[in-house]
Amino acid sequence: MITSEVKIAHISDLHISGRKDRRYLNDLDRMFDHFNSVGYDHLVISGDLSNSAHPGDWKIIREKLESHDLYHWDKTTVIAGNHDLTNLEEELRFYNALNPLSLLRKKAFDRKVKEFCVFFQELITGEERGDQGFPFIKIINYSSVKIAIVALNSVYPWYPADNPLGARGSISKGQLRALSLESVLAPLADCFVIGLCHHAYKVYGTDSPIDQAFDWTMELKNREEFLEALKLMHAKLVLHGHFHRFQSYKVQNIPFINGGSFRYNPLCYSELIIEGLDNFTQRFVTLPANI
Ligand SMILES: [Fe+2]
Ligand SMILES: [Fe+2]
């Protein structure tokens, strides 16, 4: 469809728990039907597809996308969340049983990231096969504007002392380095650049020690480095999830949009309308409860 604006729908944190999760799967059908009837150009899902890191849940999402003709590189972008890569119960069980070294933990984690990327390879490279991973950049040339989606993995392995709930985030040095290369930055120069990761820059808490302890378990550890990379790319905005609230905020003039949680509210999503390189609007849309 040729229009003068680019319309992007953004959802996050589905936390699907198998095929018995019928109510949410029906809600997902309804949401995808709605996206097709509005005619969105692209859909972004910013992680936590599964609730307990089961590839079976990824498969359910893939089938839902396929059945709505959304499972195409230029139609949908998907990234992993901590719940796609870490099953806390299993981590604790194996940790207690085997007391693995952190190096082994890291290797197992890297394997899981790779498994996710191989599974969704078609949405990463447009090819069915391959093992390209993070970071990845999609440049889609629409009639009115070129959009670049720069996708980073912000999920960080579970470690008992440093990441006890597996929910803290960090963007690896390698990914940040890749995004600072001139060969990467040059093609982004004439694009509307959208940063994408799972973790929030801001976790809203209060000054109370309990809230601050909670913030610590959820935070993106190297958010300042991430911000520098965003500035270097001249990112127009960032899409994320993880902190289950539908919200938008600015950090040093860069808008961050939290796609909230489909699990928490399966009727709500974020809509982004981009009209040219310097113009966009964002709003949260709630579907009527009885459609
Ligand atoms: Fe989540
Ligand atoms: Fe998360």
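When the pairs Lys59/Lys112; Lys173/Lys202; Lys64/Lys107; Lys20/Lys202 are compared against a 25 Å limit on Cα-Cα distance, Lys64/Lys107; Lys20/Lys202 fall above it.
With a cut-off of 15 Å between beta carbons, the residues surrounding Leu25 carry a summed charge of +2, where Lys and Arg count +1 and Asp and Glu -1.
With kT/(6 pi eta Rh) evaluated at 20 °C and eta = 1.002 mPa s, and Rh the Kirkwood radius from Cα pairs, the stretch 96-235 diffuses with a coefficient of 127 µm²/s according to Stokes-Einstein. Counted over all Cα-Cα pairs of the stretch 15-167, pairs farther apart than 27 Å make up 28 percent. Among the chymotrypsin sites (Phe, Trp or Tyr not before Pro) found in the stretch 182-269, those both in a DSSP coil and sparsely packed, with 14 or fewer other Cβ atoms within 10 Å of their Cβ, are Tyr204, Tyr264.
Using helices alone, what [θ] at 222 nm do you get for the chain, with -39,500 (n - 2.57) per DSSP H run of 4 or more residues, divided over all residues and rounded to the nearest 500? Mind dumping the intermediate values first?
Details: 10 runs with 99 residues, N = 291.
Calculated at 222 nm, the ellipticity per residue is -10000 deg cm²/dmol.
In whole percent, what relative contact order does the chain give with Cα contacts below 8 Å and a gap of six or more residues? Don't skip to the answer; put the middle values down first.
Values: 573 pairs, mean separation 60.1, N = 291.
About 21 percent, as a whole number.
The stretch 259-291 and the stretch 17-94 have their alpha-carbon centroids 17 Å apart. Backbone phi angles across the stretch 235-241, fed through the Karplus curve with coefficients 6.51, -1.76 and 1.60 (θ = phi - 60°), yield HN-Hα couplings of 4, 7, 6, 10, 10, 8, x Hz in residue order; Gly and Pro are listed as x. This model, with +1 at the C-beta of Lys and Arg and -1 at the C-beta of Asp and Glu, gives the chain a dipole about its Cα centre of some 400 debye. Couplings for the stretch 145-154, taken from phi via the Karplus curve 6.51 cos²θ - 1.76 cosθ + 1.60 with θ = phi - 60°, read 7, 8, 9, 10, 9, 9, 9, 10, 8, 9 Hz in order; Gly and Pro are left as x. Express in whole angstrom the spacing between the alpha-carbon centres of the stretch 156-196 and the stretch 213-253. Each part reduced to its Cα centre gives a spacing of 11 Å. Karplus-derived 3J(HN,Hα) values for the stretch 189-204, using 6.51 cos²θ - 1.76 cosθ + 1.60 with θ = phi - 60°, are 4, 9, 10, 7, 8, 10, x, 9, 8, 7, 7, 7, 6, 10, 10, 6 Hz; glycine and proline are entered as x.
Among Leu165, Leu272, a tally of other beta-carbon atoms within 10 Å of each Cβ gives an order, fewest to most, of Leu165, Leu272. Taken over the alpha carbons of the stretch 231-291 as equal point scatterers, the Debye sum produces base-10 log I(q)/I(0) values at 0.17, 0.18, 0.23, 0.25 Å⁻¹ of -0.63, -0.69, -0.98, -1.09. Counting charges near Trp73 (Lys, Arg +1; Asp, Glu -1) among other residues having Cβ under 10 Å from its Cβ returns a value of -1.
One chain, two ends: Arg19 and Arg245. Fully extended at 0.36 nm per residue, the span grows by 78.8 nm beyond their Cα-Cα distance. If you look at the Cα atoms of the chain, you get an Rg and a Dmax of 18.3, 58 Å.
All of the numbers you see were taken from the coordinates with simple rules; none came from a lab. Being a predicted model, the structure only gives us computed values, none of them experimental. Backbone-built Cβ (ideal geometry, glycine too); neighbour counts: all protein chains shown.
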